[in-house]
Each structure stands twice: as C-alpha cells, then as structure tokens.
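Quick one: the structure is below, questions incoming.
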C-alpha cells in the first residue's frame, strides 16, 4: 500500500464523526509520521464542531483544536492519502466527485478494519449516543493503526 502520509476522515457535513475520528487518531498516532484531517462530503459553510462531539472528546481527555468544517476537495488527495468514510453512500459520492479518490484509497472505515456494521450518525441523538459513537470509532481506529503498522512491517522485511 505504500507509506501513508495523510489520513482523511470525510463524513457528511464534517462536524461530528469526521472530527471525532480525526481527534482520536491524532491522539493515538502521536509520534507517527502522518497528517490526519477531518473533512465533510457536503459542507455548505464552515460550521463549528458539533457541541456533543466536542463534549465527548473533552470527557475522554482529548482537547479539540479550533475546528471548522471543511469540504473535501481534489487538493486534499495527495500521493499516500487514505480516505475513510463512515457509510458506503459517502464513499461512492467521494469516488464520483473527487479526483484522486479511488477503490485503492477510499474506504468505509468499519469495512476496512473488518467490522460488520457502519458507524452510525449520532446527529440529533442524546449525548450518550455520541459517547457510544466515540467508543466505536476509537475501537475502529485502534484496529486501523494495528493494520497500518502490520503493513509497514511487511514493507520493511
């Protein structure tokens, strides 16, 4: 797969699951040589992070950075980029609309790490649902980092 330099989580409006996943990955991948970005698939304007997403991150010891949703663009996809969505429909949209996004670098996160179900959108749900979403994303990213480390070791040998 080549050494990954950039991981993009591109989801919906880019205010809940994408920044949550990016924040978790940044924390867990500290010291690894990669850039982690959160993007939206459909961003009308630069909205702030969802307040419940922010609350869940803070309660899990992750301080969110100064965040505003950004639209995924062709320029975001450089060599060595992996794009992760939370739903198959988002993956299809990205592969249709973004130059450089393909079957080889654009995946549904849960499918990529071998999970059965997609990571559901907590939008409009109670805070506890955001907390559950965080736990699922965290487990998926633990699996993702383990896969990436295995692939790196495979390339070195």
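Sorting check: for 106-115, 17-26, 34-43, which peptide has the highest mean count of neighbouring beta carbons within 10 Å, and how do the rest follow? Numbers along the way, then the final one.
Working: 106-115: 18.1, 17-26: 26.6, 34-43: 19.6.
So the peptides 106-115, 17-26, 34-43, ranked by packing, come out 17-26, 34-43, 106-115.
Once both labels are modelled 7 Å past Cα along the beta-carbon direction, what's the residue 42-residue 139 spacing in nm?
2.9
Then there is this: Just to verify a number: FRET efficiency for residue 78 and residue 30, C-beta to C-beta distance, R0 = 22 Å, to 0.05? Display every interim value, and only then the final one.
Working: r = 22 Å, r/R0 = 0.98.
Calculated value: 0.55.
Further question: Rg/Rh for region 1-52: what does it come to with C-alpha atoms and Rh from Kirkwood? Each step should come with its number before you reach the end.
Details: Rg = 11.9 Å, Rh = 11.6 Å.
Result for region 1-52 is an Rg/Rh of 1.02.
Go ahead and run the numbers for FRET between residue 96 and residue 125, Cβ-Cβ distance against an R0 of 35 Å, rounding to 0.05.
0.75
To the nearest 0.05, what FRET efficiency results for residue 150 and residue 5 with a Förster distance of 22 Å applied to their C-beta separation?
0.80
Over the Cα atoms of region 6-149, compute the convex hull volume and normalise it per residue, giving Å³.
Per residue, the Cα convex hull of region 6-149 comes to 106 Å³.
All of the numbers you see were taken from the coordinates with simple rules; none came from a lab. All of these numbers come straight from a predicted model, not from anything done at the bench. Positions of Cβ are backbone-derived with ideal geometry, glycine not excepted, and every protein chain shown enters the neighbour counts.
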